[in-house]
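Q: After the structure tokens below, expect a handful of questions from me.
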Amino acid sequence: MSVSPTLRLSDERRAALTNRVRLLVAITIAYNVIEAVVAITAGTLASSTALIGFGLDSAVEVSSAAAVAWQFSARDASTREARERRALRVIAVSFFALAAYVTFEALRSLFGGGEADSSVPGIVLAALSVVVMPFLSHAQRRAGRELGSATAVADSKQTLLCTYLSAALLVGLLANALFGWAWADPVVALFIAVVAVKEGREAWRGDACCAPGLAPAGAQAAGAGTCHTAAKAAEPGCHDGCAAAGDRDRP
């Protein structure tokens, strides 16, 4: 199937998007390192499983962003493509490890492992993340989808996940601080674990990419099962990982 030249990225545009992804990944790593340190420290002081889990999620985000940084450190597109599958697996395994730890700690807390204290630093951190993370996620997701990079899109989804987790964490911390609902902390932690498993499965299968701008119009209209084939024919980047997942294009 032929692809219209207008649907292909120019070398200049590809280079610009690659540099944008590198910059966004660097910002994500820096923010999440700070977030992880603050959350884990505050969570330890308050015996908050949800805060510690949130901090560990930030650490997972660092490993995810580092995997993307490693992929995009290659200057040529063929090398970046070859690294994509391994980078996605790193992201997935990190999610699963986070889910296992948080689930264990949340259940231990629910069944007599101690109640969490309120944490003002945790509340401030969660509120700040609710504001910051959507902007980072949207910018990286947009660049990754246009570039056709599964890892960039997967990492942006992980950043968006941090927004949802920040909101859930904020609700749980406020409920504990205002109403003394200590049980809200491990419940939020379990929510974090469930979402982490879901995202880990999608990253493992590569269910994150297939940029619509890379596929011919007819292929886009055909729906699931055509995105991978069309995108691979047009540009490298949206390949085996997407095919394994059914290649559905998500908004």
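Nothing in this text is a laboratory measurement; each read-out follows from the coordinates by a stated rule. As the structure is a computational prediction, the values presented were derived from the model and not from experiment. Every residue, glycine as well, gets a Cβ built from its backbone with ideal geometry; the counts of neighbours run over all protein chains shown.
Q: Using the Cα gyration tensor of region 73-119, with a ≥ b ≥ c the square roots of its eigenvalues, what is the shape: rounded (a/c below 1.5), prolate (a/b larger than b/c) or oblate (neither)?
A: prolate
Q: What's the magnitude of the charge dipole for region 52-210 around its Cα centre, counting Lys and Arg as +1 and Asp and Glu as -1 at the beta-carbon? Answer in Debye, nearest 20.
A: It works out to roughly 580 debye.
Q: Distance between Cα centroids, region 128-160 to region 24-63: provide it in whole Å.
A: Between the Cα centre of region 128-160 and that of region 24-63, the gap is 18 Å.
Q: Give me the number: length gained by fully extending R8 to R205, i.e. 0.36 nm times residue separation minus the C-alpha to C-alpha distance, one decimal in nm.
A: Net length gain for the segment: 68.4 nm.
Q: Which net charge results when you count Lys and Arg as +1 and Asp and Glu as -1 among the other residues whose beta-carbon is under 12 Å from that of S73?
A: Its environment carries a net charge of +3.
Q: Collect residues whose amide H, placed 1.01 Å from N in the peptide plane, falls under 5 Å from the amide H of S118; neighbours closer than 5 in sequence don't count.
A: Those lying under 5 Å, H to H, from S118: there are none.
Q: Could you sort the peptides 150-161, 194-205 by per-residue average Cβ neighbour count (10 Å cutoff), highest mean leading?
A: Ranking, from highest mean packing down: 150-161, 194-205.
Q: Restrict the search to region 37-103; then list the trypsin sites (Lys or Arg not before Pro) that DSSP places in a loop and that have at most 12 other Cβ atoms within 10 Å of their Cβ.
A: Hits after loop and neighbour filter: R75.
Q: Using a 10 Å cut-off on Cβ atoms, rank the peptides 137-148, 56-67, 178-189 from the highest mean neighbour count down.
A: 56-67, 137-148, 178-189
Q: Output ³J(HN,Hα) for region 38-53: one whole-Hz value per residue in order, computed from phi by the Karplus curve 6.51 cos²θ - 1.76 cosθ + 1.60 with θ = phi - 60°, and x for Gly and Pro.
A: Values per residue, Gly and Pro as x: 5, 5, 5, 5, 5, x, 5, 5, 9, 6, 9, 5, 5, 5, 5, x Hz.
Q: Tally Lys/Arg at +1 and Asp/Glu at -1 over every other residue whose Cβ is under 14 Å from the Cβ of G180; what's the total?
A: Around G180, the charge tally is -3.
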